[in-house]
Amino acid sequence: MREEPILQVKNLRKQFGTGCVECREVENRKLEKNFCKSCGTVYACQDISFDLYPGEILGIVGESGSGKSTMMQCLYFDSDVSSGEAFINTSELEGKNVFELSSQQKRAIRNHVYGMVYQNPVHGLKMDFSSVGNIAEKLIAAGNRNVAEMEATSRRLLESVHIPLHRMKEEPRNFSGGMQQRVQIAKALSNNPPILFLDEVTTGLDLSVQANVLDLIKKIQRDLGISMIVVSHDLAVIRMLADRTIVLLNGKIIEEGLTDQVLEDPQHEYTQQLVYSLL
Amino acid sequence: MKANTHFAFFDEGSKKEIRRAIMKAVAIPGYQVPFASREMPIARGWGTGGLQITLSIIGKNDVLKVIDQGADESVNAVSIKKMVHETTGVELTDRTEEADIIQSRHRIPEVALTKDQIIVLQVPTPEPLRGVEASEYVTKRMHSEDDYSGVWLMLFEQIMKYGKTATTADHPVYVNHRYVMAPSPIPRFDNSKMHQSDALILLGAGREKKIYAVPPYTDVKSLAFEDYPFTVEAFEDKQCHLCGSADVFLDELIDHHTGETIHQCNDTSYCMEQLNKVEKAEVESSYA
């Protein structure tokens with residue numbers, strides 16, 4: 001018996017531009033990093049494949065421009081893929097390439113299966129709606145039409161992310177960055193999604209708040225068994241959270257393995273550089 | 001030089017285009033059909049959407065009634081009536097029963113409409129999702145994908161803030177179980193009149209360049225949460241100080257001399273009708 005992955009990604013490709021004779025062939029394209037100098041096409045993600053198992057945290061590291069966020073956007077259907085497949089292991093979606101579903105079906109996946117925490121809370125929250133409303137939005141989208149129920153759920157979630165309840169009806173724009181981020185996490189968790197995406201969640205937060213948010217994420221994983229994909233360029237964050245890690249460079253996976261293994265004994269030249277440049 | 005205006009102001013090409021938009025709107029209940037809103041001799045936002053519909057569908061034998069928030073004699077209603085009359089010569093009326101076409105700003109008359117009538121509503125903001133999404137491109141997609149969580153969220157926010165849904169007018173409705181529609185800023189009191197209406201309901205937004213419709217005998221359901229059912233404005237124990245009607249939409253007025261609060265029918269022609277009935281009864285009984 002082997003464990004089945006909850007999310008399988010196969011050969012995800014995302015390019016910006018049409019490509020030309022120089023760069024169309026996958027095997028011998030002449031690129032400057034991920035950029036074709038003759039036609040200007042950017043190959044943001046090139047053949048990314050990985051599995052995510054139930055209850056695990058998968059870390060994704062790489063420098064800026066390595067395709068981390070583009071990959072997340074593709075997985076969360078914020079942007080379309082150029083080609084590739086993804087399979088979610090639930091009874092309704094089994095065997096279906098989710099990239100090829102209709103936009104309604106994709107929205108249903110976002111509402112029922114996925115949770116997303118963006119680097120910038122502006123993208124994940126409606127800043128001029130109350131915090132409670134923000135969480136309810138996701139519940140409403142999933143079909144809930146009972147106010148008392150949704151308020152109770154929001155209250156419980158906000159409490160679990162340490163937002164004082166007397167501020168629950170306040171708009172997130174009045175909150176500090178760390179609080180906004182925690183509201184966003186509460187929102188992402190509101191439907192008990194089996195898969196959670198975290199895109200640079202602690203970037204830009206001060207250290208104590210960072211520790212707070214990381215604690216929270218770890219606790220969520222322990223208590224709820226949610227599978228997560230954590231994107232970060234901060235190796236300390238990856239070391240603390242991730243069970244397995246993937247290293248991206250120029251849109252390609254150059255190394256993957258257990259986090260300790262990758263960070264203690266990096267094989268690829270770039271990973272070595274990355275690990276040893278840690279202050 | 002004074003040129004003769006064409007019948008009903010518009011050239012036939014314009015009427016044809018607007019009628020086509022109306023046909024499409026009727027075919028897809030609650031769907032906002034874009035149309036080439038014309039420059040009108042009144043300013044946009046003053047009923048140009050309704051007026052364009054009225055002018056496109058009116059015929060020589062039609063009888064027209066125009067009301068502005070229940071009143072037949074308000075400046076806006078009178079100006080529109082005059083303009084249509086001057087360009088068509090159709091008969092005008094205040095009585096709801098006599099009218100073939102009723103153009104209305106923000107009210108549906110108290111007298112039940114019949115299958116031979118058409119009500120044309122003037123709409124300032126046709127997009128029920130505008131409060132949550134500024135981009136037309138996105139709202140169009142949301143409609144096509146049946147994604148109405150934004151509208152529900154607005155109602156949820158109101159409940160959080162005020163303990164109830166606080167839509168004073170323009171409470172969003174589901175039309176034919178598919179499209180969420182702004183019923184134009186009619187009071188919630190009038191929402192139920194749209195449900196399974198005998199009359200055809202046409203809605204026109206001139207500034208926003210949209211026409212939409214509720215065909216006769218279509219289901220229209222006001223949005224409401226399970227534990228916060230839809231309610232209309234309540235006028236318990238209140239009645240019109242002129243005609244005594246109780247189960248109608250009332251305006252609240254404050255008497256400047258006495259400081260007293262009084263209530264009066266919002267639908268002026270209905271009120272007049274009731275008063276005339278009372279007078280007629282009085283006269284007949286005193287002669288008898």
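Read-outs: derived from the displayed coordinates by stated rules, not from any lab. Keep in mind that what you see is a predicted model, and the values were worked out from it rather than measured. All Cβ positions, even for glycine, are placed from backbone atoms using ideal geometry, and neighbour counts span all protein chains on display.
With a cut-off of 12 Å between beta carbons, the residues surrounding residue B:261 carry a summed charge of -3, where Lys and Arg count +1 and Asp and Glu -1. Protection proxy ranking for B:259-268, A:19-28, A:184-193, using the average of other Cβ atoms within 10 Å per residue and placing the highest first: A:184-193, B:259-268, A:19-28.
Neighbours of residue A:175 by Cβ distance under 15 Å: Lys/Arg scored +1, Asp/Glu scored -1, total +2. In plain terms, if you count all Cα to Cα distances in the protein assembly as shown and split them into 10 Å steps from zero, the share in each step is 3, 15, 20, 18, 15, 12, 9, 5, 2, 0, 0, 0 percent.
Ranked by the mean number of other Cβ atoms within 10 Å per residue, highest first, peptides A:131-137, B:175-181 order as A:131-137, B:175-181.
What's the exposure ranking of A:43, B:217, going from fewest to most Cβ atoms within 10 Å?
The most exposed by this proxy come first: B:217, A:43.
Let's see if you can work this out: charge +1 on each Lys and Arg Cβ, -1 on each Asp and Glu Cβ, no other charges. What is the dipole magnitude of the protein assembly as shown about its Cα centre, in debye to the nearest 20?
Dipole of the protein assembly as shown, to the nearest 20 debye: 1280 debye.
Global size of the range B:234-283: 11.7, 34 Å for Rg and Dmax (C-alpha atoms, Rg to one decimal, Dmax whole). If you wrap chain A in the convex hull of its Cα atoms and look at it from every side, the mean projected area works out to 16.3 nm². For the range B:104-160 and the range A:211-242, compute the distance between their C-alpha centroids and round to whole Å. Centre-to-centre (Cα) distance: 43 Å. From the Kirkwood radius over Cα pairs of the range A:127-192, Stokes-Einstein at 20 °C and 1.002 mPa s returns a whole-number translational diffusion coefficient of 188 µm²/s. When the Gaussian network model of chain A links Cα atoms closer than 10 Å, the mean-square fluctuations of A:119, A:267, A:46 top out at A:267. If amide hydrogens are placed 1.01 Å from N in the peptide plane, which non-local residues have theirs closer than 5 Å to the one on residue B:30? Amide H to amide H, under 5 Å and 5 or more residues apart or across chains, residue B:30 pairs with B:213. Legend: distances between Cα atoms for A:30/A:252; B:24/B:209; A:14/A:126; pairs beyond 23 Å are A:14/A:126. Each residue of the range B:92-106 was assigned a 3J(HN,Hα) from its phi angle through the Karplus curve 6.51 cos²θ - 1.76 cosθ + 1.60 (θ = phi - 60°); the sequence is 10, 8, 9, 7, 4, 4, 7, 7, 8, 10, 10, 8, 9, 9, 6 Hz, with glycine and proline shown as x.
Based on the reciprocal of the average 1/r between different C-alpha atoms, the Kirkwood radius for the range B:14-60 equals 11.3 Å.
Taking the Cα centre of chain B as origin and assigning +1 to Lys and Arg Cβ atoms and -1 to Asp and Glu Cβ atoms, the resulting dipole is close to 1400 debye. In terms of surrounding Cβ atoms within a 10 Å radius of their Cβ, A:243, B:237, A:206, B:72 rank from fewest to most as B:237, A:206, A:243, B:72.
Based solely on its DSSP helices, what 222 nm [θ] is calculated for the protein assembly as shown when runs of n ≥ 4 H residues each add -39,500 (n - 2.57) and the sum is averaged over all residues, nearest 500 deg cm²/dmol? Value at 222 nm, helices only, nearest 500: -10000 deg cm²/dmol. Sequence-ordered 3J(HN,Hα) estimates for the range B:174-182 from the Karplus curve with 6.51, -1.76 and 1.60 and θ = phi - 60° stand at 8, 9, 6, 6, 10, 8, 8, 10, 7 Hz, glycine and proline given as x. With θ taken as phi - 60° and the Karplus curve 6.51 cos²θ - 1.76 cosθ + 1.60 applied, the whole-hertz 3J(HN,Hα) list for the range A:121-133 is x, 4, 6, x, 10, 8, 5, 9, 10, 4, 4, 4, x Hz, x standing for glycine and proline.
The ranking of A:116, B:83 from fewest to most other beta carbons within 10 Å of each one's beta carbon is B:83, A:116.
Take each residue in B:145-152, count the other chain C-beta atoms within 10 Å of its C-beta, and the mean is 5. Scattering from the range A:40-167 was approximated by placing one identical point on each alpha carbon and applying the Debye formula without solvent; log10 I(q)/I(0) at 0.09 1/Å stands at -0.35. Given in Å, the Rg to one decimal and the Dmax to the nearest whole number for the Cα atoms of the range B:1-157 are 17.2, 59.
Taken residue by residue and averaged, Cβ atoms of other chains lying within 10 Å of the Cβ of B:219-226 number 2. Net charge near residue A:241, counting Lys/Arg +1 and Asp/Glu -1 over other residues with Cβ under 12 Å of its Cβ? Charge balance in the 12 Å sphere: +1. Across all C-alpha atoms in chain B, the radius of gyration and Dmax reach 20.1, 69 Å. Counting only Cβ charges, +1 for Lys and Arg and -1 for Asp and Glu, the dipole size of chain A around its Cα centre is about 800 debye.
Per residue of B:154-163, count partner chain C-beta atoms within 10 Å of its C-beta, then hand back the mean as an integer. Before the final figure, lay out each step's value.
Details: counts 2, 2, 12, 11, 1, 6, 12, 3, 0, 0.
The mean count of partner-chain Cβ atoms within 10 Å per residue comes to 5.
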